[in-house]
Amino acid sequence: MSKSSLKQTLKDLDTKKISIRELNQDYLKRIKENENLNVFIYFSEENVLKQIDNLENDNSAKKLKGIPIAIKDLFCTKSMPTTAASKILENFHPTYESFITQKLLDEGSIFVGKTNLDEFAMGSATNTSFFGNTINPLSKENEPLAPGGSSGGSAAAVAADLCLGATGTDTGGSIRQPASFCGVVGIKPTYGLCSRWGIAAFASSLDQAGIFSHNVEDASILLQSIAGFDQRDSTSAKVDIPNYFENLDDDLNGKTVGIPKEYSIDGTPMEISQIWEDAIKVLEKKGVKIKNISLPHTKYALPTYYIIAPAEASSNLARYDGVKYGFRSDEIDSLDEMYENTRAQGFGREVKRRILIGTYVLSAGYYDAYYLKAQKVRKLIANDFNNAFKECDFIVTPTAPSAAFPLNEKQNDPIKMYLNDVFTVPASLAGLPGISIPFGKDKNNLPLGIQILGKHFDEQQVFNAAVSLERSYE
Amino acid sequence: MKIDKNTINKIARLSRIKLDDKESEDYIKDLNSILDWVEQLNEVNTENVEPLSNISSSILPKREDVSNDTNSSEEILENAPDNLEGFFAVPKVVE
Amino acid sequence: MNNLIKGEKYDWEMVIGLEIHAQVKSNSKLFSSSSTKFGSSPNSQVSLVDAAMPGMLPVINKYCVEQAVKTGVGLNAKINNYSVFDRKNYFYADLPQGYQISQYKYPIVGEGKVTIDFKDGTSKDIRIVRLHLEQDAGKSLHDQNPSKTYVDLNRSGVALMEIVSEPDIRTPDEAGMYISKIRSILMYLDTCDGNMQEGSLRADVNISVRKPGDEYGTRCEIKNLNSIKFIKQAINYEAKRQIEILESGGSIEQNTMLFNTSTGKTRPMRNKEEAHDYRYFPDPDLLPLEISQEEIVKIKSSIPELPDELKNKFIEIYRLSNYDASVLTAEKQTSDYFNKTINSDSELKKYAKIVVNWITSELFSLLNKNNLDLNNSPVSPENLGQLIKLISTNEISGKIAKDVLEDMFSSGKTARQIVDEKGLQQVTDQGEIEKVIDEVIAENPKMVEQYLAGKDKLLGFFVGQAMKLTKGKANPKILNELLINKLKK
């Protein structure tokens, strides 16, 4: 499988080496060949062909004209139904286009389909979807692996080369962890860089959209296309978006990398510690100063996250009540019956679990002990990073504590599943940008990921460090 | 045990999610183990720490008071499971 | 004043607090840009945000924030530089998000007070706990279909100011005066249109009863009252209900009540939200609302004269009583009308009390009879001023002036025109009046005898006869004097 990069494809389209139709038919073919991976919740060849027709009649120059992109099915799209991988959004056809998908459409990209995810982005294996598991394209025969989650469909779509890039969302690691599992690049930008308008909310103070791609250069091109201020999102940041791609610079000489000691966790597989060390060595060779730093509240990030995210989710998901859109139960003797049955039948087990825990931690008598406490610890975690970034330009850690695990392995123990996010959650709580790039393999030849974290809105530094590591690894 | 049958019923009711007995049992178990696990936050001294609700440091943006929304009622009702005479319809409520 | 009400066994005191919901007078909603126009077809003013579509986010209306600050200033209240929007979580058919965005821990406006004025010249302060901004819900219609409730989201998301009072109110009348006063302040500030019929202003009433001096009793909340009449009725009914229970040895269950406007009775809501637990928490889609001192100063400087300031000014300049001045300033249109009337002629300033009376009794009763209000009065302030001038200069008598006003009201003519056309000028010429008196004396010799024999009361009879002959135009003072003199002779 020789994967063409977005950068190269844009050139080939520009020089007419390949037409938009030829390009996309190639991707359509692969999508149909890989149906067994269950990457897409919505795929329609007809829909894609129609988009090709439209673009062929469009003479204007567009930055991503004809580029096949996969969209996580959490983004509301006018031309395709939107489900959030939940039964409760059955037959929901948005009459509006999310900010980010609109930007991608404006740039001329082609949406190949809506990718699978954990229901409402709650999960780490894309195994809580109402539409079934997605299979990691790197799985061996008879041993299906999880693609990670929640944006597992998007990560798998890029890994299986079913598109040149994909959108994802990351609340506690939902882009970075599946990128690591599938051996692709995934960036979660700074909270507020990309508008949340039109993305079904999971946890509003943490949700952030981002990009999957084959390599760092492609990610830098795509992120620039989806970033930017949106007046319809009150948490959207008014910052200038640099041309990340043009500014890419793999010369890190004189920079300082922070290595947090708290990320050395007992029980982390040897191979993961190994690639971390390898990455540090590479950086050292490039003239980067290595600085051991401390993020003392790291171990409290997961429990903090698993109070805050469910609390916000319990409220964000109250709108799914069978009144305005989506699924409504047949057992509706009264309004309350309608609510209780609709939500019992419409939501899956993990979503219900998080709604219940979120309701509990916000309820009278428990708010201070759980929710308020978690918000305070979150402040301490954010402070940790602020202090650390006084001494370094970026931070390097592993992305996930393991390589892709077999499908369904961790399903029965929620806490064990939550531990997948141990390296990604702290930066989410602090709203920092983070990228995962493939860096080395484990003993089963499965890819492992390195995570690079940067200062708020310093995506450029994150890309620079990432491209530098990527080029040295290639 | 923090969550018992009563508590789970109460929060399921607040969440408007009907649970059967088996599910209640399962969630009691899950929630208790999660709550035991998050208990470790009590080790952290948070005296004089301001709670953090949103990471954004900017100020709340405000819009001008202009009414320029153009959605039609058809558009708003398009996805409704039940709509009649221009209204959303739900089972009858007795106040 | 005795505020107690009698039960079968004891005297009781009511303890009342009001939560007033005032719709901010704005073009668009609090967090979305759909229109707030009243009376549009169902679900025609609903944005994607109002309908809580997936991924929709709130953006606050700057104007609504300013109106809340303005109102806070009008309530003599503390404006908070920092406030927070919280989510109040509960399920209801007309609450599309499953939560209402409100302010819980940190409201935009803190403690304040308003003053209510009684007829006897005394007044009382009612303390305000807070004012906060929140979203209105949609509307549920239960009587359109035999098996279904209909939901209209046009109101969903409209900006409300909730004004919460301390339980300082002791009688239904005070409650009525308090809400009138709040309404008056809102209308002077133009932050709410004050239209209770359309629901722009409505109140939840918290009421308990106690024996004087006792601790507060358990209270019940009567929801969503939209007229002052209903507020008073509901309080009266509910207080009696509570007293009956307490006097028969029962206890009050804390409850949310509905008031039935046709029976005049309260009853507990059937659909009790068992154990309210709203799980308030800061809305993560919004950042804290910060208002700088400069902004507050700027808003303060834009505030017009408020009823209490105006009242004090009227008392000072025109020597009006506290009560007269408070009646004049209760509604902006009244004080505006008064100002225009009294300023229409420099002479009128000396007759302020007469001006007040002519506006608040004569003109008001004509308006009432014709179902009009001051804004569409057929008699302009200038014309009323002219009429009062005619009275004050003795050109016409007060009695005739009443007929003239009625004529002005129906014909639209000026007082001058009517008086000239009908020849209604007072007769002040001594000779003319003496002539009439002579006539009356000549025609009633017996009566004159009786009068002279000491029956003083007959003077009225002679005055009446003389007035009859002059068609009421004789100047009463002159007539009286001359009559007494003539009779003596």
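The values are calculated or read from the model by the stated rules, or taken from the named source; none is laboratory data. No experiment lies behind these values; they were computed from the predicted model shown. Every residue, glycine as well, gets a Cβ built from its backbone with ideal geometry; the counts of neighbours run over all protein chains shown. Ligands, DNA and RNA are stripped out before the accessible areas are found, and what is left, the full protein with its side chains, is counted by its heavy atoms. Shrake-Rupley method; radii C 1.70, N 1.55, O 1.52, S 1.80 Å.
Worth a mention:
- With both residues required to sit in chain A, DSSP beta bridges show an antiparallel share near 65%.
- Interchain or long-range residues, amide H under 5 Å from A:Ile259's placed H: A:Lys291, A:Asn292, A:Ile293
- Per residue, the average separation of C-alpha pairs within less than 8 Å and at least 6 apart gives chain A a relative contact order of 18 percent.
- Loop GluC sites (Glu not before Pro), segment C:228-292, which have at most 11 other Cβ atoms in a 10 Å radius of their Cβ (DSSP): C:Glu253, C:Glu274
- Positive end of the dipole of the protein assembly as shown (Cβ unit charges, origin at the Cα centre): among C:Met53, C:Gly110, A:Phe181, the Cα lying farthest that way belongs to C:Gly110.
- Computed over protein heavy atoms with a 1.4 Å probe, the accessible surface of segment C:5-300 works out to 39 Å² per residue.
- Residue-averaged 222 nm ellipticity for chain A, from DSSP H runs of 4+ at -39500 (n - 2.57), nearest 500: -11000 deg cm²/dmol
- Once backbone amide H atoms are built at 1.01 Å from N, C:Val109 has C:Asn80, C:Leu131 as its partners under 5 Å, excluding neighbours fewer than 5 places away on the same chain.
- In the structure shown, the pairs A:Lys299/A:Lys379; A:Lys11/A:Lys50; A:Lys324/C:Lys62 are assessed against 18 Å; a Cα-Cα span above that value is assigned to A:Lys11/A:Lys50; A:Lys324/C:Lys62.
- Total accessible surface hidden between C and A, rounded to 100 Å², 1.4 Å probe: 2700 Å²
- Anisotropy class of chain B from Cα gyration tensor, a/c 1.5 cut: oblate
- In sequence order, segment C:293-298 has phi-based couplings of 4, 4, 4, 5, 4, 5 Hz under the Karplus curve 6.51 cos²θ - 1.76 cosθ + 1.60, θ = phi - 60°, and Gly or Pro positions carry x.
- Rounded Å value of the spacing that divides the Cα centres of segment A:225-280 and segment C:422-470: 108 Å
- Amide H contacts under 5 Å for C:Lys265, placed H, 5+ residues apart: C:Asn260
- Over 32 Å (Cα to Cα) - which of C:Lys369/C:Lys435; A:Lys188/A:Lys376; A:Lys114/A:Lys376; B:Lys62/C:Lys148 fall in this group: C:Lys369/C:Lys435; A:Lys114/A:Lys376; B:Lys62/C:Lys148
- Largest to smallest accessible area among C:Asp403, A:Asp250, B:Asp30 [probe 1.4 Å]: C:Asp403, A:Asp250, B:Asp30
- Sorting the segments C:163-173, C:406-416 by their residues' average number of neighbouring beta-carbon atoms within 10 angstrom, most packed first, yields C:163-173, C:406-416.
- Using heavy atoms of the protein chains and a probe of 1.4 Å, the accessible area assigned to B:Asp69 is about 60 Å².
- Rounded Å value of the spacing that divides the Cα centres of segment C:12-36 and segment A:3-75: 52 Å
- Reach of A:Lys7 by Cα under 19 Å, taken over lysines that are not fewer than 8 positions away in the same chain: A:Lys16, A:Lys17, A:Lys62, A:Lys63, A:Lys65, A:Lys103
- The alpha-carbon of B:Lys5 sits under 29 angstrom from the alpha-carbons of these lysines, leaving out residues fewer than 8 places away in its chain: A:Lys87, A:Lys352, A:Lys373, A:Lys410, A:Lys416, B:Lys18, B:Lys22, B:Lys29, C:Lys88, C:Lys272.
- Those aspartates and glutamates that a straight Cα-Cα span of less than 15 Å connects to C:Lys473, excepting residues fewer than 8 apart in one chain: C:Glu395, C:Asp403, C:Asp420, C:Glu421, C:Asp429, C:Glu432, C:Glu434
- Segment A:304-372 versus segment C:188-253: alpha-carbon centroid distance in Å: 34 Å
- Taking a ≥ b ≥ c as the square roots of the eigenvalues of the Cα gyration tensor, an a/c ratio of 1.5 or more together with a/b larger than b/c marks the protein assembly as shown as prolate.
- Carbon and sulfur %, accessible surface of the protein assembly as shown computed with the full protein complex present, 1.4 Å: 47 percent
- Residue-wise HN-Hα coupling along segment A:276-288, computed from phi with Karplus coefficients 6.51, -1.76, 1.60 (Hz; x: Gly, Pro): 4, 4, 4, 4, 4, 4, 4, 5, 4, 4, 8, x, 8
- The longest part of chain A holding none of the exposed loop trypsin sites (Lys or Arg not before Pro), meaning those outside H, G, I, E and B in DSSP with at most 11 other Cβ atoms within 10 Å, is A:17-237.
- Per-residue 3J(HN,Hα) values for segment A:132-146, derived from phi via the Karplus relation 6.51 cos²θ - 1.76 cosθ + 1.60 with θ = phi - 60°, read x, 6, 9, 9, 4, x, 8, 4, 8, 3, 6, 9, x, 10, 6 Hz in sequence order (x marks Gly and Pro).
- Local net charge near C:Arg155, Cβ-Cβ under 14 Å (Lys/Arg +1, Asp/Glu -1): -2
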